[in-house]
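The values are calculated or read from the model by the stated rules, or taken from the named source; none is laboratory data. Just so we're clear, the structure is a prediction, and the values are computed from it rather than from any experiment. Cβ atoms come from the backbone with ideal geometry, glycine included; neighbour counts cover every protein chain shown. Note: accessible area is taken over every heavy atom of the protein model, side chains too, but ligands, DNA and RNA are not part of it. Shrake-Rupley method; radii C 1.70, N 1.55, O 1.52, S 1.80 Å.
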Amino acid sequence: MKSDKMLRRIEEYIRGVIQLKLEALGISFEELCDTPPEFDEETLSDPVKYKSYRAFLSLKETYKNPVGLAILYLFEYRHDYKVLEMYAHDLVAGQPAWEQGISGRDIDYVIVMEQLPPRKLVEDIENYLDDLVGEAITNYFFKKKGCTTLEPFNRVIKHNLIELHMIPPSMKSDYGINSIFSVPVERLDIEGFRRRIKELRQSIEKLGFLEEYMH
């Protein structure tokens, strides 16, 4: 993924919130690796697994919006695909998690667009974000001497942390969005993301001016 100043800022933001959360959680790399692919009732009844379950959910919640910001920036500002709505979903094997268990290890972002991008672009961005989050997790533990690998966490556990689902508005009901037959699906604040991108752009422009002035 070719970088730019804005993208580097967003990358730093994602790494920062992940590493601050891991510091607060006090969980080991091994405990985080041992969390099951899907969290179910058996997991909740086991005290050791339950600790990992709570830690993983807390970690997911921490990077949910920062990654959403990156998704909006990459599709809308880098590739000119207008995002109409964005949801943070929880799918297990393509079905809502509440039908399969309690929760999965990845965040499923459902992005509603009138014009859908090519599948290759979606896969490239998904892999980039998956590795970005995975590297932030591994790097934290590596620096703390809590692990000996630099392989992204998602590759260590052989499970995605980020999945992207690009859909037209007509398919929202297929994902349980605005459906009376499912639990509410969280809608992310894309207008807030746009304001954040505008603020970041302004700060980058100011910094660029100062850098030129200093030279």
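With the checklist (1) modelled with pLDDT of 90 or more; (2) within 21 Å of Glu151 (Cβ to Cβ); (3) surrounded by fewer than 17 Cβ atoms within 10 Å (Cβ to Cβ); (4) not hydroxyl-bearing (Ser, Thr, Tyr) in hand, flag the one item Asp34 doesn't pass.
Checking Asp34 against (1) modelled with pLDDT of 90 or more; (2) within 21 Å of Glu151 (Cβ to Cβ); (3) surrounded by fewer than 17 Cβ atoms within 10 Å (Cβ to Cβ); (4) not hydroxyl-bearing (Ser, Thr, Tyr), the one that fails is (1).
For the stretch 138-150, how many residues are surrounded by 15 or more Cβ atoms within 10 Å (Cβ to Cβ), in a loop (DSSP other than H, G, I, E, B) and not hydrophobic (A, V, I, L, M, F, W, C)?
Going through the stretch 138-150 one residue at a time, the tally reaches 1.
When you go through Lys158, Lys172 one by one, which is the residue that is of a type in the set (D, E, K, R), more than 12 Å from the chain's Cα centre (by Cα) and open to solvent by less than 40 Å² (accessible area, probe 1.4 Å)?
Lys172
Restricted to the stretch 98-110, and to residues that are open to solvent by less than 80 Å² (accessible area, probe 1.4 Å) and more than 17 Å from the chain's Cα centre (by Cα), which residue is modelled with the highest pLDDT?
Going through the qualifying residues, I end up with Ile102.
Could you check the stretch 166-186 and list, in sequence order, the residues that are in contact with a strand residue (DSSP E or B) (Cβ under 7 Å, 6 or more places away or on another chain), at pLDDT below 95 and either under 22 Å from Leu121 (Cα atoms) or assigned to a strand (DSSP E or B) (or both)?
Of everything in the stretch 166-186, those that are in contact with a strand residue (DSSP E or B) (Cβ under 7 Å, 6 or more places away or on another chain), at pLDDT below 95 and either under 22 Å from Leu121 (Cα atoms) or assigned to a strand (DSSP E or B) (or both) turn out to be Lys172, Tyr175, Glu186.
So, in the stretch 111-137, of the ones that are over 26 Å from Leu32 (Cβ atoms) and touching a residue at least 60 places away in the same chain (Cβ under 8 Å), which residue ends up least open to solvent (accessible area, probe 1.4 Å)?
Residues of the stretch 111-137 over 26 Å from Leu32 (Cβ atoms): 111-122, 124.
Narrowing the set further to residues that are touching a residue at least 60 places away in the same chain (Cβ under 8 Å) leaves 112, 124.
Values: Val112: 2, Asp124: 64 Å².
By that ranking, first place goes to Val112.
Just one of (1) at pLDDT 90 or above; (2) out of contact with any strand residue (DSSP E or B) (no Cβ under 8 Å at 6 or more places or on another chain); (3) small (Gly, Ala, Ser) trips up Ser52, so point out which.
For Ser52, the exception is condition (1).
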